[in-house]
Amino acid sequence: MDATFQVLVTAAHWAPSAQDIVRGAGGQITFLPDPVTEDALVAQLAATGAQALVLRGSKPISERVLAAAPALKIVAKNGAGVDSVDLAAARQRGVAVAVAPAANADAVAEHALALMLSLTRQLPLLDGMVRGGRWADSSWQGRDFRGAVVGIVGYGGIGRSTARLAAALGARVLVLRPAGQADSHAAEPDLDRFLAQVDILSLHCPLTERTRGLIGRRELSLMRRGGLLINTARGPVVDEAALLEALRSGHLDGAGLDTFDAEPLPAGHPLLALPNVLLTPHVAGVTRDAALQVANITARNIVDYLATGALPARHLVAA
């Protein structure tokens, strides 16, 4: 590794401890505040001659961007999702793509569970009733989380943590996975049979060509009437138009969404008008402890890779 090296961060901020790790190894850091476009990335990579790029959020690391950075050796995602990176182009140019695996798994799992419980117990509706001066009459009946079948799609660190938390609160967990490969939880390898058994569908899979649009109109129709959908993975895993249809028709009772096709969610988006949808701004994994751990792992990925040309296999998506 050179005595000094350049690091470009695709945000205006990064954890001070992560900055200390990079600077302690001789790194110089440049921040790129929003809006982070292809043009902005191309200009800053050319200006800095960066050897490392810290990817915060889902900024477009396209073939054009990579072509503008001949000195670039590593794209280090400050997190786990790399669907905005052209992995084929990175491999072709010898640029490593690294992640901070499972560093925020518990934080995302807690958020997913919070969405499940809020929708199951209809907390947004009840809060609105009280604030509006209304009170539940004697006919009111809530819904139980205990005994509900929570279906987990994507059984990495986040999926495992979500399954553990849901089971601890009395849900029955079913994992979309070959039988015998889901720890102590029931497993179902067939998507159609899996969906037919699920009361709450919780998505934790990466966005790939195989998972893009995985949950569409047909798949939603296979879920039990009155079901809930939770998405803390990536927006395009779900067909948004099909989800809107299922929510409006009453086939689904509700959805808890932390990710969307377009982020930020545009003003006037039809999801905003639905009272049975709970929306959060892609922050499921952003807690104090998780953010610090993710940032520090990301910084160590940069320093270690530039020094040795190697990282643990589970940290590398492309090399």
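Find the accessible area per residue for the chain; the probe is 1.4 Å, ligands and nucleic acids are left out, and the unit is Å². Spell out each step's value before the answer.
Working: 14770 Å² over 319 residues.
Heavy-atom accessible area per residue stands at 46 Å².
Give me Rg over Rh for segment 194-256, both radii from the alpha carbons and Rh done the Kirkwood way, two decimal places.
Working: Rg = 10.6 Å, Rh = 11.4 Å.
Answer for segment 194-256: 0.93.
Can you tell me how the chain classifies by the Cα gyration tensor, rounded, prolate or oblate, using a/c under 1.5 as the rounded cut? Display every interim value, and only then the final one.
Details: a/c = 2.13, a/b = 1.88, b/c = 1.13.
It is prolate, given that a/c is not under 1.5 and a/b is the larger ratio.
Determine the distance separating the Cα centre of segment 82-129 from the Cα centre of segment 12-52; give it in Å without decimals.
Here the two parts' Cα centres lie 23 Å apart.
If you average the sequence gap of Cα pairs under 8 Å that are 6 or more apart and divide by the length of segment 1-157, what percent do you get for the contact order?
Working: 196 pairs, mean separation 25.6, N = 157.
Once normalised by length, the contact order is 16 percent.
Which of the GluC sites (Glu not before Pro) found in segment 192-301 are in a DSSP loop and have at most 11 neighbouring Cβ atoms, other than their own, within 10 Å? Don't skip to the end; give the middle numbers.
Details: sites: 209, 219, 240, 245; in loops: 209.
Within segment 192-301, the qualifying GluC sites (Glu not before Pro) (loop, at most 11 other Cβ atoms within 10 Å) are 209.
Against the longest principal axis of the chain, how steep is helix 105-120, in degrees 0 to 90 to the nearest 10, with axes from Cα atoms?
20
Expressed in nm to one decimal, what extension gain is obtained for the pair residue 4 and residue 37 from 0.36 nm per residue of sequence separation less their Cα-Cα distance? Before the final figure, lay out the partial values.
Working: separation 33, 0.36 × 33 = 11.88 nm, distance 2.68 nm.
Length gained, residue 4 through residue 37: 9.2 nm.
With the full set of protein chains in place, find how many percent of the accessible area of segment 267-310 is carbon and sulfur; take the probe as 1.4 Å.
Answer for segment 267-310: carbon and sulfur cover 60 percent of the accessible area.
Among 115, 32, 252, which one shows the biggest mean-square fluctuation in a GNM of the chain, springs joining Cα atoms closer than 10 Å?
It is 32.
Cut-off 10 angstrom, C-alpha nodes, Gaussian network model of the chain. Which of 266, 281, 16 fluctuates the most?
266
In segment 26-77, what percent of the accessible surface is made up of carbon and sulfur (1.4 Å probe, ligands and nucleic acids excluded)?
Details: 1120 of 2070 Å².
It is 54 percent, rounded to a whole number.
Estimate the FRET efficiency between residue 71 and residue 283 by the formula 1/(1 + (r/R0)^6), using the beta-carbon distance for r and 35 Å for R0, to the nearest 0.05. Don't skip to the answer; put the middle values down first.
On the way: r = 33 Å, r/R0 = 0.94.
The formula returns an efficiency of 0.60 here.
Note the full-extension length gain between residue 130 and residue 269 as 0.36 nm times their separation in residues minus their Cα-Cα distance, in nm to one decimal. Before the final figure, lay out the partial values.
On the way: separation 139, 0.36 × 139 = 50.04 nm, distance 2.66 nm.
Contour length minus the Cα-Cα distance gives 47.4 nm.
Helix 157-168 versus the longest principal axis of the chain: what is the Cα-based angle in degrees, 0 to 90, to the nearest 10?
Taking the Cα atoms of the chain, the angle to 157-168 is about 30 degrees.
If exposed trypsin sites (Lys or Arg not before Pro) are those in a DSSP loop with at most 14 other Cβ within 10 Å, what is the longest stretch of the chain that has none?
Numbers: sites that count: 121, 134, 143, 146, 210, 212, 225.
For trypsin sites (Lys or Arg not before Pro) (loop position, at most 14 other Cβ atoms within 10 Å), the longest site-free span of the chain is 1-120.
Is it possible to state the helix-based mean residue ellipticity at 222 nm for the chain, with each DSSP H run of 4+ residues giving -39500 (n - 2.57), the sum divided by total residues, to the nearest 500 deg cm²/dmol? What is it?
For the chain, the value works out to -10000 deg cm²/dmol.
For segment 1-87, place one equal point scatterer on every Cα, skip the solvent, and apply the Debye formula. What is log10 of I(q)/I(0) at q = 0.19 Å⁻¹?
Here log10 of I(q) over I(0) equals -0.80.
Measure nothing but the geometry: give the 0 to 90° angle between the long axis through the Cα atoms of 288-308 and the longest principal axis through the Cα atoms of the chain, rounded to 10°.
Approximately 30 degrees, to the nearest 10.
The values are calculated or read from the model by the stated rules, or taken from the named source; none is laboratory data. Only a predicted model underlies this, so the values are computations on that prediction, with no experimental measurement involved. Positions of Cβ are generated from backbone atoms using ideal geometry, with glycine treated the same way; all protein chains shown enter the neighbour counts. Accessible surface areas use protein heavy atoms only, side chains included; no ligands, DNA or RNA. Shrake-Rupley method; radii C 1.70, N 1.55, O 1.52, S 1.80 Å.
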